[in-house]
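Undergrad: Sharing a structure here in structure tokens format.
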Amino acid sequence: MTGEREEREHLQMEAVLLRAADVLDKVGIDYAVMGGLASAAVGRARHTHDVDLFVSNEDADSGLEALDQAGFRTERTDEEWLYKAFWGDVMVDLIFESTGGITFDEEMRRRRRPIDVRDRELPAIPPEDLVVIKALAHKEHTPRHWFDALAVIEAGDLDYEYLARRARVNPGRVASLLLYARASGCDVPEEQLRELLAAAGLL
């Protein structure tokens, strides 16, 4: 029964994701799918409880207003980084500043990757940025972030020069993840690993 329930919840989340994407597309707001749904698309599949959308700080208010006008129940959860919208039992996190002060900037927008959701392409956060955010978000009570990031690294197809540049927000934390990945057999370039270790004062 647990598997059936998770499947139903996943289908509901996909439907709400598409609904929210339609709203933001209609008003011309750029966004990127992130969180568990993005991790499942580019790394490993796992159950998640909400929909995470990354928007710019400048678009957060208008995005929340558009969702409200479209029938979502909305709340200004934290003016520093997060708004929420609800459609039925499904929660949409409208994130405009992630862990480590990371924002949805122009370079990230340009590098978004398409993911398939019910035969429709939606823009997702670049996998390199997903790795960095997951490395920074990992805590004792959220080990899933570490293993989500490892799965993205294992999947390959990463621009490590870009990843290393984005990781400068906390080079030591990301370097520790890359060291673990390399020790686990992942093909992590030594040049960028050394670059991050040096930036963190660990080399």
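Undergrad: Within the bounds of the stretch 123-132, is there any residue that is farther than 17 Å from Gly101 by Cα and without any contact (Cβ under 8 Å) to a residue 60 or more places away in the chain? Break it down stepwise before answering.
TA: Quick first cut of the stretch 123-132, residues farther than 17 Å from Gly101 by Cα only: 123-124, 127.
With the extra rule that they be without any contact (Cβ under 8 Å) to a residue 60 or more places away in the chain, the set shrinks to none.
No: zero hits.
Quick grid of which residues meet (1) surrounded by fewer than 19 Cβ atoms within 10 Å (Cβ to Cβ); (2) not in a helix (DSSP H, G or I):
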site: Phe104; (1), (2): no, yes
site: Pro114; (1), (2): yes, yes
site: Lys134; (1), (2): no, no
site: Trp146; (1), (2): yes, no
site: Ala164; (1), (2): no, no
site: Tyr180; (1), (2): yes, no
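Undergrad: For the stretch 16-55: of the residues being among the small types (Gly, Ala, Ser) and in contact with a Lys or Arg (Cβ under 8 Å, 6 or more places away or on another chain), which is farthest from Leu150 (Cα to Cα)?
TA: Step by step, filter the stretch 16-55, then rank; the result is Ala32.
Undergrad: Same structure again: Out of curiosity, is Ala85 surrounded by 20 or more Cβ atoms within 10 Å (Cβ to Cβ), more than 16 Å from the chain's Cα centre (by Cα) and either in a helix (DSSP H, G or I) or not assigned by TED's automatic domain parsing to the domain that holds Arg8 (or both)?
TA: no
Undergrad: Report the residue count in the stretch 53-82 for those that are of a type in the set (Val, Ile, Thr) and either without any contact (Cβ under 8 Å) to a residue 40 or more places away in the chain or loosely packed, with under 15 Cβ neighbours inside 10 Å (or both).
TA: So the count comes out to 2.
Undergrad: Need pairs with beta-carbon distance below 6 Å; first residue closer than 14 Å to Phe86 by Cα and within the stretch 1-30, second at pLDDT 95 or above and part of a helix (DSSP H, G or I); sequence gap 6+ or separate chains.
TA: Val23/Ala66; Val23/Leu67
The values are calculated or read from the model by the stated rules, or taken from the named source; none is laboratory data. This structure is a prediction, so every number in the text was calculated from the model and none was measured. Glycine gets a Cβ as well: all are built from the backbone with ideal geometry, and neighbour counts include every protein chain shown.
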